[in-house]
Amino acid sequence: MKKVISAFLICTVVFLVSCNQNVNLEGAKEVSISKKVDSILALMTLQEKIGQMNQYNGFWDVTGPTPKEGDAAHKYEHLKSGLVGSMLNVRGVEEVTKVQKIAVEETRLGIPLIIGFDVIHGYKTLSPIPLAEAASWDLEVIKNSAAVAAKEAAANGINWTFAPMVDISRDARWGRVMEGAGEDPFLGSKIAYARVKGFQGEDLSAVNTIAACSKHFAGYGFAEAGKDYNTVDVSLSTLYNTILPPFKATIDADVKTFMNSFNELAGIPATGNKFLQRDVLKGDWNYKGFVVSDWGSIAEMIPHGYAKDGKQAAELAVNAGSDMDMESYLYVNHIEALVKEGKVNEKLIDDAVKRILTVKFELGLFDDPYKYCDLEREKLVTGSKEINDAVLDMAKKSIVLLKNEKQLLPLKKEGLKIALIGPLANDKNSPLGSWRIGADDNTAVSVLEGLQAYSGNKITFSKGVELVNGETIFGMETSINTTDRTGFKEAIATAKNNDVVVMVLGEYSYQTGEGRSRASLDLPGLQQELLEEIYKVNKNIVLVLMNGRPLAINWANDNLPSIIEAWHLGTQSGNAIAQVLYGDYNPSGKLPMTFPKSVGQVPIYYNHKNTGRPTIPGPNQVFWSHYIDETNQPLYEFGYGLSYTTFKYENLKLSSTTVNEGNSIEVSFTLTNTGKYEGKEVTQLYIRDLFGSITRPVKELKDFNMVTLKPGESKTVTFTITKEMLQFYTANNKWEVEPGDFKVYIGGSSNTVLEADFTL
Ligand code: BGC
C-alpha cells in the first residue's frame, strides 16, 4: 500500500512540475515555478518540509558500503526518509549521482538534493585567490573566472557554490581577507556583482552554471582584532555605508542564496538576527532566495550566550529568517516540536521551503535531477584548456608591481644568470591557496617550473630555508620553521654567483584563510633573515611575494630594487609570474587593500574619517591623531600598483561645478603613457563630501576604468558624476544626498594627483 501511495505522489510531483516547461517569458516562468512549488508544498508533511531545511556534510564514502552505525548511519537514514534537502562536500559525478539517487528514488516525494560546495576560486583548476583577482580591477575577467569555475564544478556534479564572499575587511590580520575583494565597498560591490553573474550566467538551468551564495551576512570581516569568529560591534552608518553595499550588489545580480555568519553583531549573532535577515534582506531588499546558516552557526548561538539550548537556538534562527541549517542538526531535531508548541509559525516553514524549492526548480533539478551528473562531460571539462587559459589570464592580471626602481624588471630573456631562492619558489602547493578541496595537492605550476619553461636563461635554484616544519592538522601544515638555517649557506653561494636573484617569499597556503588570523604581518619564520643575508652578497633582488593578505615588508621596500605581489595565484601561478617577470605581460594590478607599515596601524584603510585633529597644528606638537613611533602613512596605499611604463595625469576639467537633479558633471583629464612600454592603467575617481549629517570619509572611490596606451600615446579619459553617486546612509537612517561642497580626485591610486571642487 505504501509503495502505491509513494508511486502516486511521485507521479503527481512529476506531472505537476512538467506541465509548464516551455515557458519563455521570465515573469510567466516565475509564476509557473511558484505554482509548481505550491503544489509540491501541498503534498508535504511538516517533517518533509523541515527536511528540505536540513543540510548535511557528505557523511560516508558514498562509493563504499552503506553505513550501519554512528553519525553516518543516522544521516543516511535521514536522507532515505526525505529529511535532507541539501548536501555539501559531496563531489564528483559518481558520488553526487549516488546521493541524488537516494533522494529521488527512495524518498516518498523524490525531491532532488541541491549539492553545495565551496567553489571559492575554482573547483579543480584554480584561479587566484579572490583578493588577488580583486587586484586586477578587471570585472570582465573576474566574471569569466567565476564562469569557468562554475563550468568545472557543474561538470563534477555541483550545482551551488558558497561564493562569493563579499565581506569588506580593513584588517590584514584576519585570515579570510584572502577570500574577499578587500577594503572598499565600491570596488567590492562591482566585483560581487561580477562574480554572481559569472557563477549563475544568463541561464541558471544550463548545465554549466550554478547558484551563487552571498556571504557572510553580515559584518564577519569586522571581527575585533582581526581574530576569526570574534565579536563585531559597528555603527549603523558603518553597516550601511561600508558593509552592506556588496551584499546589495549581489541582490541586484539576482543571487539565489545567502549565507549568514558566525559573528555576533552588536550583541545578536547574525544567524539569529531578525533585523539583518527579515528586516533588511527579506524586507527592505525584497530578497526571494534562501538563507543558509554557516557551518554549525545555529548551534554556536549557545556558546555565544544567546540561546540556552539547541531547541531555543533552532527557534531563534528560524524565526530570524535562517532557512537552511548547515550541520547543526537542530532544525531536523526540534522544529516539529517548536511548531506544535506554537513557538514557530508553520507559515515561516512554508516560506523557507518555498524559497529552497524555487532555487531547485530554477536550477532545473526537477526536470532532471542528474543533469549535473554526466561522466563524459566531467572528463571533458575538468582541467580543460579553456579553463586553464582563463585562470592563467586571471593570474597574470592579478599581479601587482610594488616597486621597480633600477628597472631591474622586466628581465632579459637571454644571457642572464638567475638565482632562484626561497621556500616558495619550487612549491606547487602554496599557490593553490587554502580553499581547494576539489583540487589535487601539488598541482600548481611553481615559479621554478614557470621560469624554466620560459626562457633560455640559466636558472639555479636553492631553497635557502624550509618555511614550515611539516607538522600538520587535518593534513594542513601548521608549524613555522624558526630554527633551521642549514640551507642558508648554499643559497648565499648561489646568490653570489648569479646576476639577478629572484626570491620567492611569503605565506604558505594554509597560513591564510578561515581560522588563520595572524598577530604579525611580517614575513613568517626565517625568511626575513634569509633575505637580508642574500642582500649582503647580491643587491639585484626581485622579491616575488606569495601571500594571502597585506604584509608589512618595510625592510624589503626600503632596500630592494624590485618587488611584485603575486599572492596565491592558483594552478597557473608559475606561468603567470614568468610572463610578468619577463615583460610579456606588463603588470596592471592595483592593491584592493592597504598594506600597513606595521601591524600596529591595523585597521588601516584609505576611506577613513578625518578626526578633529588630523594634522600637526605646529612644530613639536603631540596632541594630534597619530602614533609617536610610526607614521600615519601606509606602506602601499589602496589602489596602488606600478607598471613597466609610467603614466602622467593632467588637464583636469569639469563640465560644470554644480550637480543637481537631472544634471551630471563630466570629469575629464588627459592620461599619457610617458614610458617605454605599452601599458594598461586603472584610472580612479574619488569623491570627498566635505561635511554631512554624519561625518564623511576623507575620500571614497566612486568610479574607475582601464586605459591601454602605447608609449607616448595620450587619451582623454572621462567620468560622469551623478547625484546618485553622492548618496549615503545619513543621520536620517536613509539613503539620500545632502547638498553641500565636494571634492573630486583623480589618480592611479587613492593617493591621487588631480583635484577640483564642485557643489550639490
Ligand atoms: C565557512 C563558510 C563555508 C562553510 C562550508 C564555514 O566554515 O565559514 O564560508 O562556506 O564552512 O564549507
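The values are calculated or read from the model by the stated rules, or taken from the named source; none is laboratory data. What you see is a predicted model, and the numbers here were worked out from it, not measured in a lab. Note that each Cβ is placed from the backbone with ideal geometry, even for glycine, and that neighbours are counted across all protein chains shown.
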message: Taking the condition of being in contact with a helix residue (DSSP H, G or I) (Cβ under 6 Å, 6 or more places away or on another chain) and either surrounded by fewer than 24 Cβ atoms within 10 Å (Cβ to Cβ) or of a type in the set (S, T, N, Q) (or both), how many residues in segment 489-507 meet it?
response: 2
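Restrict the check to segment 646-666 and report whether at least one residue is within 28 Å of Y582 (Cβ to Cβ) and assigned to a loop (DSSP other than H, G, I, E, B). Spell out the reasoning first.
So in segment 646-666, the residues within 28 Å of Y582 (Cβ to Cβ) come out as 646-648.
Restricting the remaining residues to those that are assigned to a loop (DSSP other than H, G, I, E, B) gives 646.
Yes, segment 646-666 contains at least one residue that is within 28 Å of Y582 (Cβ to Cβ) and assigned to a loop (DSSP other than H, G, I, E, B).
Restricting to segment 449-464, and then to whatever is more than 14 Å from V501 (Cβ to Cβ) and of a type outside the set (F, W, Y), can you tell me which residue is surrounded by the fewest Cβ atoms within 10 Å (Cβ to Cβ)? Before the answer, list the steps.
Taking segment 449-464 as the starting set, the residues that turn out to be more than 14 Å from V501 (Cβ to Cβ) are 449-450, 452-456.
Next, only the ones that are of a type outside the set (F, W, Y) stay: 449-450, 452-453, 455-456.
On the way: E449: 17, G450: 23, Q452: 15, A453: 11, S455: 18, G456: 9.
Result: G456.
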query: Pick from E346, E300: which is surrounded by 20 or more Cβ atoms within 10 Å (Cβ to Cβ) and out of contact with any Lys or Arg (no Cβ under 6 Å at 6 or more places or on another chain)?
result: E300
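Among the residues of segment 324-342, is there at least one that is of a type in the set (G, A, S), surrounded by fewer than 17 Cβ atoms within 10 Å (Cβ to Cβ) and either within 16 Å of the ligand (Cβ to nearest atom) or within 26 Å of the chain's Cα centre (by Cα) (or both)? Lay out the reasoning, then the answer.
Step one: list which residues in segment 324-342 are of a type in the set (G, A, S), which gives 328, 337, 342.
Now restrict to residues that are surrounded by fewer than 17 Cβ atoms within 10 Å (Cβ to Cβ): 337, 342.
With the extra rule that they be either within 16 Å of the ligand (Cβ to nearest atom) or within 26 Å of the chain's Cα centre (by Cα) (or both), the set shrinks to none.
No, segment 324-342 contains no residue that is of a type in the set (G, A, S), surrounded by fewer than 17 Cβ atoms within 10 Å (Cβ to Cβ) and either within 16 Å of the ligand (Cβ to nearest atom) or within 26 Å of the chain's Cα centre (by Cα) (or both).
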Whichever residue in segment 508-543 is charged (D, E, K, R) and part of a helix (DSSP H, G or I) and, among such residues, is surrounded by the fewest Cβ atoms within 10 Å (Cβ to Cβ): K536
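May I ask you to list the residues in segment 706-732 that are in contact with a Phe, Trp or Tyr (Cβ under 8 Å, 6 or more places away or on another chain) and touching a residue at least 40 places away in the same chain (Cβ under 8 Å)?
Filtering segment 706-732 for residues in contact with a Phe, Trp or Tyr (Cβ under 8 Å, 6 or more places away or on another chain) gives 706, 709, 711, 716-717, 721, 726-729.
Passing the criteria: M706, L709, P711, T716, V717, I721, L726, F728, Y729.
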task: Return the residue satisfying two criteria in turn: it lies in segment 100-126 and is out of contact with any helix residue (DSSP H, G or I) (no Cβ under 8 Å at 6 or more places or on another chain) and more than 16 Å from the ligand (Cβ to nearest atom), and of such residues it is farthest from N156 (Cα to Cα).
output: E105
- request: Please go through segment 269-310 and pick out each residue that is under 21 Å from I335 (Cα atoms), away from the ligand (no atom under 16 Å from the Cβ) and hydroxyl-bearing (S, T, Y).
  value: Y306
statement: Residue count, segment 85-94, condition in a loop (DSSP other than H, G, I, E, B), within 16 Å of the ligand (Cβ to nearest atom) and not polar (S, T, N, Q), comes to 3
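Over 24 Å from G289 (Cβ atoms), away from the ligand (no atom under 15 Å from the Cβ) and among the charged types (D, E, K, R), is that true of D184?
Numbers: over 24 Å from G289 (Cβ atoms): yes; away from the ligand (no atom under 15 Å from the Cβ): yes; among the charged types (D, E, K, R): yes.
Criteria met by D184.
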- prompt: Going through segment 199-215 one residue at a time, which ones are of a type in the set (D, E, K, R) and either within 14 Å of the ligand (Cβ to nearest atom) or at pLDDT below 95 (or both)?
  reply: K215
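Out of I459, I473, I492, I480, I need the residue that is within 16 Å of the ligand (Cβ to nearest atom) and not hydroxyl-bearing (S, T, Y). Which one? Before you say what the answer is, go through the steps one by one.
Numbers: I459 fails: within 16 Å of the ligand (Cβ to nearest atom); I492 fails: within 16 Å of the ligand (Cβ to nearest atom); I480 fails: within 16 Å of the ligand (Cβ to nearest atom).
When all the criteria are applied, what remains is I473.
What are the residues in segment 413-465 that are over 17 Å from V544 (Cβ atoms) and more than 33 Å from the chain's Cα centre (by Cα), if any?
Just the residues of segment 413-465 that are over 17 Å from V544 (Cβ atoms), to begin with: 413-415, 417, 434-443, 456, 458.
Across segment 413-465, the qualifying residues are K413, E414, G415, K417, G456, K458.
Can you list the helices (runs of 4 or more DSSP H) lying wholly within segment 250-347 that have 3 or more residues being touching a residue at least 40 places away in the same chain (Cβ under 8 Å) and of a type outside the set (S, T, N, Q)? Show your work before the answer.
Working: elements: 301-304, 310-320, 330-340.
By residue number, 310-320, 330-340.
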- prompt: Of everything in segment 387-435 that's under 16 Å from A576 (Cβ atoms) and of a type in the set (S, T, Y), which residue is surrounded by the fewest Cβ atoms within 10 Å (Cβ to Cβ)?
  reply: S430
message: Being among the basic types (K, R) and within 12 Å of the ligand (Cβ to nearest atom) is the filter here; which residues of segment 143-181 pass it?
response: R176
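Check segment 232-243 and report whether any residue there is modelled with pLDDT of 95 or more, under 22 Å from I437 (Cβ atoms) and not aliphatic (A, V, I, L, M). Don't jump to the end; show me each part of the working.
Start the filter on segment 232-243 by keeping residues that are modelled with pLDDT of 95 or more, which leaves 232-243.
Now restrict to residues that are under 22 Å from I437 (Cβ atoms): none.
No: zero hits.
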field: Any chance L79 is away from the ligand (no atom under 16 Å from the Cβ) and outside any helix (DSSP H, G or I)
entry: no
- request: Quick one: F669 ticks every box in (1) assigned to a strand (DSSP E or B); (2) crowded, with 17+ Cβ neighbours inside 10 Å; (3) out of contact with any Leu (no Cβ under 7 Å at 6 or more places or on another chain) except a single one, so which number is it?
  value: (3)
- prompt: Does segment 406-439 hold any residues that are modelled with pLDDT under 95 and among the acidic types (D, E), and which are they?
  reply: E414
- request: Hey, can you tell me all the residues within segment 76-97 that are more than 31 Å from the chain's Cα centre (by Cα) and on the phi < 0 side of the Ramachandran plot?
  value: Y76, E77, H78, L79, K80, S81, L83
field: Residue pairs meeting the criteria (Cβ under 6 Å; at least 6 apart or on separate chains; first touching a residue at least 60 places away in the same chain (Cβ under 8 Å), in segment 107-119; second of a type in the set (D, E, K, R) and away from the ligand (no atom under 16 Å from the Cβ))
entry: I114/K360
message: I want to confirm something. Restricting to segment 349-386 and keeping residues that are in a loop (DSSP other than H, G, I, E, B) and of a type in the set (D, E, K, R), which single residue is surrounded by the fewest Cβ atoms within 10 Å (Cβ to Cβ)?
response: D368
message: Exactly one condition in (1) assigned to a helix (DSSP H, G or I); (2) more than 20 Å from G433 (Cα to Cα); (3) among the hydrophobic types (A, V, I, L, M, F, W, C) is false for I563; which is it?
response: (1)
message: Would you confirm, using the coordinates I've provided, whether D389 is free of Cβ contacts under 8 Å to residues at least 12 places away in the same chain and over 26 Å from the mean Cα position of the chain (by Cα)?
response: no
statement: For segment 616-630, pairs from a residue that is in contact (Cβ under 8 Å) with a residue 24 or more places away in the chain to a residue that is in a loop (DSSP other than H, G, I, E, B), with Cβ under 8 Å and 6 or more apart or across chains, are E630/K597; E630/S598
